[in-house]
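Participant: Provided herewith is a single structure, encoded as structure tokens, for subsequent inquiry.
The values are calculated or read from the model by the stated rules, or taken from the named source; none is laboratory data. Note that the coordinates shown come from a computational prediction; the quantities given were computed from them, not determined experimentally. Heads up, the Cβs are rebuilt from the backbone with ideal geometry, glycines too, and the neighbour counts pull from every protein chain shown.
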Amino acid sequence: MQQTYNAIVVLSNSTLSDKQNVHSIPANLCPRCTKGSIVSDTSGEVVCTNCGYVVTQTIEDQGKEWRSFSDDNHDRARTGAPTSLTKYDMGLNTTIGTSDRDSSGNSIAMSMKATMHRLRDWDRRSKLHSPADRNLARAFNELGRLGEKLALNDMVIEKTAYIYRKAEEKRLTRGRSITSLLAASVYSACRDTETPRTLKEVANSCNIKKKEVARYYRLLIKELDLKMPVVDPAKCISKIANKADISEKSKRKALEMIRMAIDEKISSGKGPMGLAATALYLACVLNGESMTQERIAEASGVTSVTIRNRCKGLKTGLKM
DNA sequence: TAAGATAAGAGGGACAT
DNA sequence: ATGTCAGTCTTATCTTA
């Protein structure tokens, strides 16, 4: 899978130094059967037309048409906005205009105006009247806000939209809260892209209980068969260290302790945040930096009690 | 004031029934 | 499907240095 991903990225990133190449490179040839071509289906899934091979992880490539094909590098008019999974119709809608003139600029007859008005009405209604589309439209509206609140990059946002669409497809939205499911999708996307955001942060920024998001998150994992990379304590460390203003020296020390803890097998079953927080705390104390458990607890989102409990284990485990 | 101790309760995973 | 169990983490309160 990794192989595939690389292949796609390399092809899409190939520069335009040689313009002939743009058309001669079969940029969307299936890497498995090399016969069919890779296309996006309506859910954002990327599949081969010949063998059905599903390529994931290509979402960040959606913007590749944003290149100039003309000699001067200014003409981007032919592309339009990049499509995005965060639009309920992926940004590809067609709307009947409101002008009361025909294509050659002459005004149109009264009766035709009325007809157009009716058509426009039904056009608009039909678009958002599919419950699925209305659901997506509402969810992605909220997603914009959420993304801003949590300072998420576009990659995470698109990933979220992808996950939410899959959930919608599986009818997981039925009888469930849109906001909660969206929050869970956001959290999943964060986990998947290794963007350090805690369950608590996500839950707080949309005023939902943590356990609700957690429950929906597990639902997504189960129903969509998602595989999440394990949380990297190193990322936790830098996040906490930034928040609590901790020196580089202590950071490295903490990292070392985490590695030892993993080697000593005293880290399993423990929350990575609590572990990282404790390592940082001990590192600060060892380096003579002034740091309280409370401050670390505040920055990491775990309680000082947890830090103390981890302290015991870490101290005995590492023979300190 | 920071750190430590203790207790009670929530929520979930593993496992057996 | 349901219940039990060990273990984690949180909240709250009290004590110690």
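Participant: Please name all residue pairs, on different chains or six or more residues apart, with Cβ atoms under 7 Å, provided the first residue is in the range A:212-239 and is outside any helix (DSSP H, G or I) and the second residue is at pLDDT 90 or above and of a type outside the set (A, V, I, L, M).
Facilitator: Every condition considered, the pairs that remain are A:226/A:188; A:228/A:191; A:228/A:192; A:231/A:272.
Participant: Can I ask one more? With respect to residue A:250, is the statement that it is within 16 Å of DNA strand B (Cβ to nearest atom), touching a Cys at 6+ places or on another chain (Cβ under 6 Å) and either β-branched (Val, Ile, Thr) or farther than 19 Å from residue A:198 by Cβ (or both) true?
Facilitator: Working: within 16 Å of DNA strand B (Cβ to nearest atom): yes; touching a Cys at 6+ places or on another chain (Cβ under 6 Å): yes; either β-branched (Val, Ile, Thr) or farther than 19 Å from residue A:198 by Cβ (or both): yes.
Here the answer is yes, as residue A:250 does meet what is asked.
Participant: Then there's this: Specify which of the listed residues (A:275, A:280, A:314) is more than 13 Å from DNA strand C (Cβ to nearest atom), surrounded by 14 or more Cβ atoms within 10 Å (Cβ to Cβ) and not aromatic (Phe, Trp, Tyr).
Facilitator: Values: A:275 fails: more than 13 Å from DNA strand C (Cβ to nearest atom); A:314 fails: more than 13 Å from DNA strand C (Cβ to nearest atom).
When all the criteria are applied, what remains is A:280.
Participant: Run residue A:265 past the list (1) within 14 Å of DNA strand B (Cβ to nearest atom); (2) more than 18 Å from residue A:198 (Cα to Cα); (3) basic (Lys, Arg) and report the number of the one that doesn't hold.
Facilitator: Of everything listed in (1) within 14 Å of DNA strand B (Cβ to nearest atom); (2) more than 18 Å from residue A:198 (Cα to Cα); (3) basic (Lys, Arg), residue A:265 misses just condition (1).
Participant: I'm checking my understanding of the structure. Among residues of the range A:279-320 that are over 34 Å from the mean Cα position of the chain (by Cα) and at positive phi, which one is farthest from DNA strand B (Cβ to nearest atom)?
Facilitator: The selected residue is A:319.
Participant: Let me ask another. Count, please, the residues in the range A:219-237 that happen to be under 17 Å from the mean Cα position of the chain (by Cα) and either within 14 Å of DNA strand B (Cβ to nearest atom) or surrounded by 15 or more Cβ atoms within 10 Å (Cβ to Cβ) (or both).
Facilitator: Number satisfying all stated conditions: 7.
Participant: Conditions first: (1) more than 16 Å from DNA strand C (Cβ to nearest atom); (2) within 28 Å of residue A:132 (Cα to Cα); (3) assigned to a loop (DSSP other than H, G, I, E, B); (4) not aromatic (Phe, Trp, Tyr). Residue A:246 passes all but one, so which condition is the exception?
Facilitator: (2)
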